[in-house]
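The structure appears right after this line, and notes come after that.
Read-outs throughout are calculated quantities, based only on the coordinates presented, and are distinct from any laboratory measurement. These figures come from a predicted structure and were not determined experimentally. Methodologically, a virtual Cβ is constructed for each residue, glycine included, from the backbone with ideal geometry; neighbour enumeration extends over all protein chains shown.
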Amino acid sequence: MTPRVQIDGNRLLQRLDDFARIGATPAGGVNRQALSPEDRASRRLLAELALARGFRVFQDPMANLFIRREGRLAARPPFVIGSHLDSQPTGGRFDGALGTLAAFEVMESLEDAGIETDLPLEVVAWTNEEGSRFAPGTMGSMAFAAGTIPDAWSDLRGRDGALFVNELAATLQALPEAEVRPLGFPISGYIELHIEQGPSLERENIPIGIVYGIQGTRWLEATITGQAAHAGTTALEFRRDPMAVAVAALDPLYKSAMPNDRRVRFTVGRFAVEPGSVNAIPGSVTFSIDLRHPETEAIDALEGRVRHGCESAAAAAGCRSELRRIFDMPPAAFSKGLLACLDRAAASLELETKSMLSGAFHDALFINRVAPAAMIFVPCRDGLSHNEAEYVEPEHSIAGGRMLLAAVVEAVAVSA
């Protein structure tokens, strides 16, 4: 018979408060950007808590932080749970931190109850999930899955001018107690608890989302080149206006892409006009396009529509169009075995669940490439995230921790 074990909900809530003080902002959020002094302080606190409980602490060359609790079959690949501790510049106190601290609470609860697992269990705090200081995001899990740190990152600088390799080295050196392990190693499975970052669970009053996959994301950058000219003296027939081209290309996409397919996400997030003078027709316009969909074929078709729209509108206006792909993340489908495990865990706790697709990408996306993976979502108020007002009700934080513990008990054989 599987032994019963419960998390300490009050301890989890207190830990969330304790970590929220590291990088706390006046508006109630956190500024704990990747590889910053605040990020190092949060890693140190987690490591100290782990060492105090007798757990082993490791870090790899990407500063991914691992906390290990041994199992009876110590030579078997560990089962891994966790998330991240870094934040946006004006981030919330639950994004990433809830998943990491709930994972640590699971490990502590098993230790408190004297529960032994067959498989070793490890908690992870991945490096730079957010990508706010150093881009791209999900650096730690990306490098872990690839087994290497991309050469291109050696020259990478943050938004504050800091050199990535220097900040990474300083972060590793700041935790000398951690044992060093290689980048990338076999794992038996991975579950990540995260806030939904959307409104559906709260609106439907459902405490748990079981995430079956993550939609694909593709970023494009379009540049329309025309001819700068005087705004007051250049008649319509003499204009080669790249701004007019951009409007003509984007308008039909706004009117049809998302209205015709509820799974499509189409966003123009950056727009740069040169020379940027109030009384000059622009010489060039550059803008970004963020395309998301759970099917690669649909993303390909959307990119084709963007390309055709820009090229045809540019040709009609005597301008030139250039479109380049700057980021491409294929969709992910999570492990059917782990999804079934989550279903059983929810049933054992009598928690209502909703099957969900994640609109944002998470560390689980990359770990899914090297091991079975799945995710759990909990509601957040008004679906608000990446914002200092981000909030998760205490009962939902606790429900997420209970769900994670039950899933771990389902995933790894245990005995008292």
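Observations on the model:
- For the stretch 71-205, convex hull of alpha carbons as volume per residue, Å³: 151 Å³
- Alpha-carbon Debye profile of the stretch 366-416, log10 I(q)/I(0) at 0.21, 0.27, 0.28 Å⁻¹: -0.88, -1.01, -1.03
- Checking (i) 21.5; (ii) 28.6; (iii) 19.5 against mean projected area of the Cα convex hull in nm² calculated from these atoms, the matching label is (i).
- Ellipticity at 222 nm from helices only: DSSP H runs of n ≥ 4 in the chain, each -39500 (n - 2.57), divided by the residue count, give -11000 deg cm²/dmol.
- In the chain, taking the dipole from charged Cβ atoms about the Cα centre, the farthest positive-side position among 5, 169, 347 is held by 169.
- Relative contact order of the chain, defined on C-alpha pairs under 8 angstrom at six or more residues apart (%): 24 percent
- DSSP-loop trypsin sites (Lys or Arg not before Pro) across the stretch 1-52, with at most 15 other Cβ within 10 angstrom: 4, 21
- Principal-axis tilt of helix 97-112 within the chain, Cα atoms, nearest 10 degrees: 10 degrees
- Protection proxy ranking of 120-130, 389-399 - average other beta-carbon atoms within 10 Å, highest first: 120-130, 389-399
- Mean projected area in nm² (Cα convex hull; one quarter of hull surface) for the stretch 70-110: 3.5 nm²
- Cβ-placed point charges (K, R +1; D, E -1), dipole of the stretch 57-152 about Cα centre in debye, nearest 20: 140 debye
- Mean-position separation - Cα centroids, the stretch 319-342 and the stretch 115-140, in angstrom: 19 Å
- Mean Cβ count within 10 Å, highest first, over the residues of peptides 313-325, 79-91: 79-91, 313-325
- Förster-model FRET efficiency, 35 Å R0, residue 351 and residue 265, C-beta, rounded to 0.05: 0.80
- Measuring nothing but how far apart in sequence close Cα pairs (under 8 Å, 6+ apart) lie, relative to its length, the stretch 217-329 scores a relative contact order of 46 percent.
- Calculated over the stretch 1-139, the projected area of the Cα convex hull averaged across directions stands at 8.6 nm².
- For the stretch 217-329, radius of gyration divided by Kirkwood radius, i.e. Rg to Rh on alpha-carbons: 1.02
- Sites residue 326 and residue 179 - FRET efficiency at Förster radius 35 Å, r taken between beta-carbons, to 0.05: 0.40
- Close amide H contacts of residue 132 (hydrogens built in the peptide plane, cut-off under 5 Å, sequence separation of 5 or more or a different chain): 34.
- With R₀ set to 30 Å, the beta-carbon distance separating residue 151 from residue 18 gives a calculated FRET efficiency near 0.20.
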